[in-house]
Amino acid sequence: MITVNDLRVHPLDQVHRLIEPGPVILVSTEWQGTPNVMTNGFNMMVRHAPPLIACTIGPWDHSYTALVETGECVISIPTADMAATVVDIGNCSGADVDKFGKFGLTAVAGEAVRAPLIAECWANIECRVADTRLADSHSLFLLEAVRAWTDPSQEAPRLFHHRGDGTFTLDGPVVDLKAHMTKWQYLV
Ligand SMILES: Cc1cc2nc3c(=O)[nH]c(=O)nc-3n(C[C@H](O)[C@H](O)[C@H](O)COP(=O)(O)O)c2cc1C
């Protein structure tokens, strides 16, 4: 019989490495006329429709204040070829540097929010903050997607995922299990 003695203890401060969240994303804001962007690894879909997304954005981030003050942002989804730039974006602050200029990002005006879309990214989701009740205690924002865009020139985007230790997993082969989705036919 297997007992926990046959298993390896995993440190609690590294549990985040076991549960891989969504792809690494960029969150852009515009506050006091200045656009900014941060890297975000702790995110997940919460609801299909209207689409709701949860993002952890800490008060140490310049973006936190921008999000609280404006109630708006854009979630941009970069592809694997942008990975090193995206990590660099997450290692400096908009409080000190113009990240759009420094990283050569092309800001595109959206339709619903003032925060810019990023042309280099495969997808862009315009969001409004829907719930900040857990922002103080857990840095958790619920964001409602109000417009979403994809780049038609990127047919098969390869996203990348944060493993929590400075290494990243790139999207691999796609497995089609639609035939098994008997209860959830409306999703396929
Ligand atoms: C791969 C990666 C993932 C990150 N994920 C998060 C995250 O989920 N939440 C967060 O608050 N900061 C996260 N960060 C840190 C922010 O991106 C970083 O603090 C950034 O400098 C904030 O920029 P700002 O001060 O311009 O808002 C991450 C950084 C990296 C490199």
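The table for this structure:
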read-out	value
Criterion (of a type in the set (A, V, I, L, M), over 22 Å from HIS16 (Cβ atoms) and over 14 Å from the mean Cα position of the chain (by Cα)) met by exactly one of ALA123, ALA119, ALA145	ALA119
Qualifying residue in region 177-188 (condition: part of a strand (DSSP E or B) and at pLDDT below 95)	no
PRO35 part of a loop (DSSP other than H, G, I, E, B) and touching a residue at least 60 places away in the same chain (Cβ under 8 Å)	no
Any hit, region 54-64, residues being surrounded by fewer than 21 Cβ atoms within 10 Å (Cβ to Cβ) and away from the ligand (no atom under 13 Å from the Cβ)	no
Residue that is among the acidic types (Asp, Glu) and touching a Leu at 6+ places or on another chain (Cβ under 7 Å), where the choices are ASP165, ASP171	ASP171
Residue that is modelled with the highest pLDDT, among those in region 133-163 that are touching a helix residue (DSSP H, G or I) at 6+ places or on another chain (Cβ under 7 Å) and surrounded by fewer than 17 Cβ atoms within 10 Å (Cβ to Cβ)	ARG158
All positions within region 49-85 that are without any contact (Cβ under 8 Å) to a residue 40 or more places away in the chain and either at positive phi or part of a loop (DSSP other than H, G, I, E, B) (or both)	ALA49, TRP60, ASP61
Residue match in region 86-98 (condition: acidic (Asp, Glu) and within 19 Å of PRO157 (Cβ to Cβ))	no
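Residue-by-condition table, conditions (1) away from the ligand (no atom under 12 Å from the Cβ); (2) modelled with pLDDT of 95 or more; (3) surrounded by fewer than 19 Cβ atoms within 10 Å (Cβ to Cβ):
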{"position": "ILE2", "(1), (2), (3)": "yes, no, yes"}
{"position": "ASP6", "(1), (2), (3)": "yes, no, yes"}
{"position": "HIS16", "(1), (2), (3)": "no, no, yes"}
{"position": "TRP31", "(1), (2), (3)": "no, yes, no"}
{"position": "ALA49", "(1), (2), (3)": "yes, no, yes"}
{"position": "GLY71", "(1), (2), (3)": "yes, yes, yes"}
{"position": "ILE89", "(1), (2), (3)": "no, yes, no"}
{"position": "SER93", "(1), (2), (3)": "no, yes, yes"}
{"position": "VAL108", "(1), (2), (3)": "yes, yes, yes"}
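The values are calculated or read from the model by the stated rules, or taken from the named source; none is laboratory data. Remember, predicted model here, so these are calculated numbers, not experimental data. Please note: Cβ atoms are built from the backbone with ideal geometry, for glycine as well, and neighbour counts cover all protein chains shown.
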